[in-house]
Amino acid sequence: MIKAVIFDFGGVIVPDDYNPVIEKAKKKVSREKLLKFQEIEQKAGIGQIGEQDFIDALNDCFGTEVWPKLDVADDRYRARVDQQILSLIRELKREYLVGLLSNNFSFWTKNAKGQAYMSLFDARVFSSDVGMTKPNLAIYRLVAEKLNVAPGECVFIDNVKENVNGAVQAGMKGIQYFGLNDLKTRLEEVL
């Protein structure tokens with residue numbers, strides 16, 4: 001029996017402005033620079049480096065035109081939250097625990113944590129706070145533990161297929177997010 005519904009943040013609750021910008025920039029750099037950036041990106045995702053080190057690496061790999069595009073994307077925490085998803089979360093809270101599990105950099109996580117809608121979540125796990133990222137199986141188990149449920153009692157929603165697969169491997173039900181209407185249909189199937 002499902003007791004908890006866990007949401008990803010970027011790409012589900014707010015638009016994913018980061019990945020499209022980075023994917024476009026990756027096409028223009030050497031393999032060497034790409035590997036260096038992926039290492040820095042991983043360190044930022046688990047909270048090992050701060051904002052300035054990330055910006056320096058980003059500028060070194062892609063040039064100075066990429067950061068302003070991402071910095072503008074930071075407004076997503078305040079202005080671009082999907083209100084329909086928040087309404088769905090409020091509905092789900094009537095019957096289920098609701099969690100948040102996000103791969104996020106510490107310097108962006110601090111902005112998200114300060115938002116009023118964060119109080120909707122019974123548990124929140126940010127990769128930069130716990131030193132691991134999705135699809136590491138341990139991070140899914142951690143959010144389930146914080147919700148005081150077994151992984152098999154959870155449904156996890158993410159826009160990235162690899163992260164949904166990780167949740168399934170950890171014992172959860174998984175739903176890849178393609179939009180609100182599809183999500184509602186898929187939730188009806190598993191809840």
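Remarks
- Once the Cα gyration tensor of segment 12-153 is diagonalised, semi-axes √(5λ) in Å: 30, 18, 12
- Point-to-point label distance, residue 82-residue 189, nm (Cα→Cβ direction, 7 Å offset): 1.7 nm
- Using the Cβ-Cβ distance between residue 32 and residue 67 with R0 = 22 Å, the FRET efficiency computed as 1/(1 + (r/R0)^6) comes to roughly 0.60.
- Counted residue by residue at 0.36 nm each, then reduced by the alpha carbon distance between them, the extension gain from residue 23 to residue 113 reaches 29.8 nm.
- Principal-axis tilt of helix 180-190 within the chain, Cα atoms, nearest 10 degrees: 50 degrees
- The peptide list 177-185, 164-172, 48-56, put in order of mean Cβ contacts within 10 Å with the highest first, becomes 164-172, 48-56, 177-185.
- For segment 151-181 versus segment 117-131, the gap between their alpha-carbon centres in whole angstrom: 17 Å
- With only the Cα atoms considered, segment 18-76 has a convex hull volume of 78 Å³ per residue.
- Label point 7 Å beyond Cα of residue 42 along Cβ direction - residues of segment 112-133 with amide nitrogen under 20 Å: 126-133
- Of 36/184; 36/161; 24/113; 3/26; 113/184; 43/146, pairs whose Cα-Cα distance is over 32 Å: 36/184; 3/26
- As a calculated quantity, the FRET efficiency between residue 181 and residue 150 at R0 = 22 Å, using C-beta atoms, amounts to about 0.15.
None of the figures in this text is laboratory data; all of them are computed from the coordinates on show. Note that the structure is predicted; figures quoted are calculated from it, not measured. Don't worry about glycine lacking a Cβ; one is built from the backbone with ideal geometry, like all the others, and counts go over all protein chains shown.
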